[in-house]
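The values are calculated or read from the model by the stated rules, or taken from the named source; none is laboratory data. This is a predicted model, so every value here is computed, not measured. Here Cβ is always computed from backbone atoms with ideal geometry, including for glycine, and neighbour counts include all displayed protein chains. The accessibility values were calculated without ligands, DNA or RNA, using every heavy atom of the protein model including side chains. Shrake-Rupley method; radii C 1.70, N 1.55, O 1.52, S 1.80 Å.
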Amino acid sequence: MNVIVPLNLICDAIEAADSEWRQYLDIEKMEVVCLPENPFMGEYDEEDQELAELIEEGWNIRFFALPSQFDIHEYSIMEDFVWELPQGPVQDSLENAIRGKGAFRRFKDGIRRFGIEQQWYDFEETRYRSLAIEWCEENGFGYREDE
């Protein structure tokens with residue numbers, strides 16, 4: 001298969017991943033489509049049912065599952081960011097912030113307090129890009145940087 005995927009399309013899907021929707025790349029239309037992870041009362045509405053059937057028919061031919069929130073490991077990305085910071089009070093504070101319940105909120109508060117939000121967003125974007133490239137390679141797709 002000689003499919004070239006716009007890398008930004010995959011990066012955007014990775015950034016948008018959550019526990020309520022499952023995302024798929026439709027290589028025919030070169031767009032991301034979504035289905036509810038847990039349909040209401042175990043059933044899709046009519047439109048989602050049609051899409052679910054289309055995905056099932058074209059599984060790994062036309063439709064390819066994109067990384068889920070659980071594949072992305074946002075917590076691990078936060079940990080890696082903290083460990084790459086220079087040793088000292090900022091790293092120590094953020095390392096404590098990401099422990100236990102409320103870690104994401106405390107982490108976001110900490111990067112704002114220390115003025116390193118942009119550094120975090122750049123790190124996160126680089127990690128998402130790496131995940132997108134890895135996904136393309138695992139599925140046998142080429143990729144391009146534009147779009």
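Could you estimate the translational diffusion coefficient of segment 1-48 from the Stokes-Einstein equation, with Rh from the Kirkwood formula over C-alpha pairs, at 10 °C and 1.306 mPa s, in whole µm²/s?
Working: Rh = 12.1 Å.
Approximately 131 µm²/s, per Stokes-Einstein.
How big is the antiparallel share of DSSP beta bridges in the chain, given as a percent to the nearest 5?
Values: 9 of 13 bridges.
Bridges in the chain that DSSP calls antiparallel: roughly 70 percent.
Suppose only helical runs count, i.e. DSSP H with n ≥ 4. What mean residue ellipticity at 222 nm does that imply for the chain under -39500 (n - 2.57) per run, divided by all residues and rounded to the nearest 500 deg cm²/dmol? Mind dumping the intermediate values first?
On the way: 7 runs with 79 residues, N = 147.
So the calculated ellipticity at 222 nm is -16500 deg cm²/dmol.
Which percent of the Cα-Cα distances in segment 63-147 go past 19 Å?
Result: 45 percent of Cα pairs exceed 19 Å.
Starting from one equal scatterer on each C-alpha and no solvent at all, send me the Debye-based log10 I(q)/I(0) for the chain at q = 0.09 Å⁻¹, two decimals.
-0.37
Starting from the amide H of residue 22, placed 1.01 Å from N in the peptide plane, find each other amide H under 5 Å away whose residue is 5 or more places distant or on another chain.
35, 37
Restricting to DSSP loop positions (anything but H, G, I, E, B) with no more than 14 other Cβ atoms inside 10 Å of their own Cβ, which GluC sites (Glu not before Pro) remain in segment 16-62?
Those satisfying the criteria are 20, 28, 37, 43.
Where nothing but the Cβ of Lys and Arg (+1) and of Asp and Glu (-1) is charged, how large is the charge dipole of the chain around its Cα centre, in debye to the nearest 20? Show your work: numbers first, answer last.
On the way: 13 positive and 35 negative charges, 202 e Å.
It works out to roughly 980 debye.
Enumerate the calculated ³J(HN,Hα) couplings along segment 21-38 in order (Karplus 6.51 cos²θ - 1.76 cosθ + 1.60, θ = phi - 60°), each rounded to whole Hz, writing x wherever the residue is Gly or Pro.
Going residue by residue, I get 10, 10, 9, 9, 8, 8, 6, 6, 9, 6, 9, 8, 10, 10, 10, x, 5, 10 Hz, with x marking Gly and Pro.
Mind checking the per residue accessible area of segment 1-70 for me, 1.4 Å probe, whole number of Å²?
Numbers: 4440 Å² over 70 residues.
Here the per-residue accessible area is 63 Å².
Rounded to the nearest percent, how much of the accessible area of the chain (1.4 Å probe, protein heavy atoms only) is carbon and sulfur? Kindly include the intermediate steps, with their values, before the conclusion.
Working: 4390 of 9160 Å².
Looking at the chain in its full context, I get 48 percent from C and S.
Normalised by the number of residues in the chain, what is the relative contact order in percent for Cα pairs under 8 Å and 6+ residues apart? Before the final figure, lay out the partial values.
On the way: 155 pairs, mean separation 55.7, N = 147.
Over the chain, the number comes to 38 percent.
So if a site counts as exposed when it's one of the trypsin sites (Lys or Arg not before Pro), its DSSP state isn't H, G, I, E or B, and it has at most 16 other Cβ atoms within 10 Å, what's the longest stretch of the chain without one?
Values: sites that count: 29, 62, 99, 101.
In the chain, the maximal stretch lacking such sites is 102-147.
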